[in-house]
Structures are given as structure tokens and as C-alpha cells.
Amino acid sequence: MNKRTKIQVASPIFIGNENKYLTECIESGWISSNGRFIKAFEEQFAEFCGTKHAITCSNGTAALHLALLVYGIGIGDEVIVPTLTYVASANAVTYCGAHPVFVDSEANTWNINPELIEAKITDKTKGIIVVHLYGHPVDMDAVNTIARKHNLVVIEDAAEAHGALYKGKIAGSLGDIATFSFYGNKIITTGEGGIVVTNDDEVAAKLRLLKGQGMSPTQRYWFPIVGYNYRMTNMQAAIGLAQIENIDWHLSKRKEVSRLYYQYLAPLSNYIELPVQEDWASHSFWMYTILLKSTVKMTRDEFMDALDNQGVETRPIFYPMHILPIYQEDTNSYPVANDVAARGFNLPTHGLLKEEDIAFIAKQIENICFKLSI
Ligand SMILES: *Cc1c(COP(=O)(O)O)cnc(C)c1O
């Protein structure tokens, strides 16, 4: 058998000015958190999201922490969080001394089920974190209606959803405040990095204070509050600027990869479920994710191992938060998230994949399904 190099599940792509801008940092000596790229990246990212402000920070988790802090979330407060998410969404709440209160997924999008939110609201609830999981936007009208009724802040964790659209409006502009991640496997990257976007001038100023150790913008070494060192470096922003300059290319590549997956995997509908895209949604496909049906006589992990043996790397869906020992709760209360997490995994999704790669991956999935059904 000829040995193919493994098809990776994710890959950063540098097709623009990344090298040139990074070299400028080194040659100019602007390598910490001052320098022209921070401002340029923030301006272009705010423009991309259609928001007034974008505030860079050290990573997507710090961005979430800042978003919670700026709205005064603190000890003993409760924040609604989907159980099916990456752990950072819940951890940021814990950093504040507050408690994440989990909500099950809806069956189509696997995102937080808005119909289950109100039952979880108490007089301690201060906010709702929504997560556009794998790039499919949350049903925001439903969430915002509940939030207004109960006077809660809505934080979009858009770490996986750069460029996703809800009813034509872009992720990051759909709640009170939004956060993104630029980790190496995200839609665009700065290596490590994050950003908070908002339309509120006062919130933006407070975010800058919080992320910069709390130092007064007008008086050096004067600290009116206890802040954090959550700054992004000019080097990270240099990469970020080069990435956002090509954001349309990055997004269109993912659209193309997902279109090919739908096309090549459609004949396997007896064996696998393909991701649903609601009429009102434009999915950004951070990760193209499939679920195994019960016709497949193999566990999800065995299926992933079989693909791995054929040179196709995959990743399991996140464990729901209520299953992790750090947040453990009654596991029976989250049937949809439990089901999706047990049957789902991410296929390779990035802009370097060619049609022949997708065809190859689909063929391997087919072989595994068919061998099982004999
Ligand atoms: C990646 C991710 C984050 C955190 O981002 P980091 O930059 O790794 O800190 C937060 N939430 C979700 C849903 C993510 O996927």
C-alpha cells in the first residue's frame, strides 16, 4: 500500500504579508505590545465585524474573561453556558468566581437550545454566553429576547465563527459583546491571540484598562483598578493583520471545502448525518462535523481509528461540560449534547484541502461504512 502523508484536521495558512510584517517587527524592535500592527489589526477586525471597537488580547480565553469582567460578573453570580462547547467558555466564568450554569443543545445546530434557557435563570443569573459551535450561528433573536426580558448581558463566544452570518448579520455583532480566538487551528490565526468587539465606548475603554494591568491611559504607573496583563504582542498582530487582509479568501476556501464534503458524502446518508445549515444561517465551517448513525456497527472511536489508519486525522466532538469532573452534574439532563458528543467527530477542514483530498476522505469513510454492513 502506498503511504500517503496524513491529512491533518486543521492547518494554519500564510498566503499574505505574514512574513513581511513579522520581519518589520524584528527589524524595528517593536516586538511587545506597542507598535503599529496592534492598531491596524484592531481597526481592520472592527471593520470586518461592523463594530465600533476591537480590543486585542493574549488569547480567546482571556477575551472571554475580559468580556465577563467588564460587565461586572463576579463572585457568586451565575452565567448561562451551553454544555456542548470548548472548556474555555465555562472556565472564563469560573475565573470570575461565578458559576457556569449549563444548557443542553438543540438537535439541528448543536448550539444552546434557547427554549431551555429560561428554566435555568435564577436571581443570581447575570449573563448568557452563546457559542457559535464549529461555526454555525446561534438562533440569536430567541436568545436576545430572553436576555432583554431578564436584563442579562449576552456574550458571543465567536472563537469558531469568524465570518458566520445570522440572518445576514455577522457573528460578533449579534449580542452585547463578542470574543474571538486566533489560536493556530482557528479560521484565522495569530499563533495565540484573541479579540473583544463592542459598540460601546465606555466598555471599550474599560477593556483596555483591564487588559493593560489597569494602568491609567493618561498617567503612567498609576493603577486605578487591579488589571491583568492580557496584552497581544505586535508580532501576533502583524500575523493577524496579514490574515485579516485575506479573510475573504480564508472564508471562501472553507465554503468550498464544505460544499465538496456535502457533495461527496451525500450518498452515505444511510450511515452518517451531515451538518445541518439552518435557512437563516451562513455557517463558517471552522470544522466540518459528521455524526455516525446506528447503522454503523462500530463505535465512534473505532471509526476514527479506522480513518486514522488510512491517513485521515479527525477529532472527536468536545465532551459536554457536565461530563467533565471539574463541572460534573447530573448527566441525564443533557440528552442532545450527550448524543451528539457520543456520535460525532470533526473531519479535516482547512483551506489547503483539494478536491482530491475530500474525494479520498469520502472514499475512506465509504469503505469503512460498507465493510461494516456486509
Ligand atoms: C478556541 C476556543 C476558545 C479559546 O480560545 P484560546 O485562544 O485557545 O484561548 C474559546 N471558546 C471556544 C468555543 C473555542 O473554540
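Before moving on, here are some points about what is shown:
- Within region 231-245, the set of residues being within 19 Å of the chain's Cα centre (by Cα) and not in a helix (DSSP H, G or I) comprises 232 only.
- Spans of strands (runs of 3 or more DSSP E) in region 11-111 with at least 3 residues under 16 Å from residue 125 (Cβ atoms) and assigned by TED's automatic domain parsing to the domain that holds residue 128: 78-82, 99-103
- Residues being near the ligand (Cβ under 9 Å from one of its atoms) and touching a strand residue (DSSP E or B) at 6+ places or on another chain (Cβ under 7 Å) are represented in region 136-157 by at least one member.
- Criterion: surrounded by 14 or more Cβ atoms within 10 Å (Cβ to Cβ), under 30 Å from residue 188 (Cβ atoms), in the same structural domain as residue 337 (by TED's automatic domain parsing) and β-branched (Val, Ile, Thr) - qualifying residue of 290, 323: 290
- The set of residues in region 170-195 being buried (at least 24 other Cβ atoms within 10 Å of the Cβ), assigned to a strand (DSSP E or B) and aromatic (Phe, Trp, Tyr) consists of 180 alone.
- Residues in region 172-185 that are small (Gly, Ala, Ser) and more than 13 Å from the ligand (Cβ to nearest atom) were compared, and the one that is nearest to residue 237 (Cα to Cα) is 172.
- Test: residue in region 186-198 that is acidic (Asp, Glu) and either touching a Cys at 6+ places or on another chain (Cβ under 6 Å) or away from the ligand (no atom under 11 Å from the Cβ) (or both): no
- Matching residues in region 170-189 - criterion: being free of Cβ contacts under 8 Å to residues at least 60 places away in the same chain and either touching a helix residue (DSSP H, G or I) at 6+ places or on another chain (Cβ under 6 Å) or not small (Gly, Ala, Ser) (or both): 174
- Hits in region 196-230 (condition: within 23 Å of the chain's Cα centre (by Cα) and not in a loop (DSSP other than H, G, I, E, B)): 196, 197, 198, 203, 204, 207, 208, 210, 211, 229
- Test: residue in region 300-314 that is β-branched (Val, Ile, Thr), over 17 Å from residue 342 (Cβ atoms) and surrounded by fewer than 19 Cβ atoms within 10 Å (Cβ to Cβ): no
- Which numbered condition residue 89 fails, given (1) more than 16 Å from the ligand (Cβ to nearest atom); (2) crowded, with 23+ Cβ neighbours inside 10 Å: (1)
The values are calculated or read from the model by the stated rules, or taken from the named source; none is laboratory data. Just so it is clear, the structure is predicted and the values come from calculations on it, not from any experiment. Don't worry about glycine lacking a Cβ; one is built from the backbone with ideal geometry, like all the others, and counts go over all protein chains shown.
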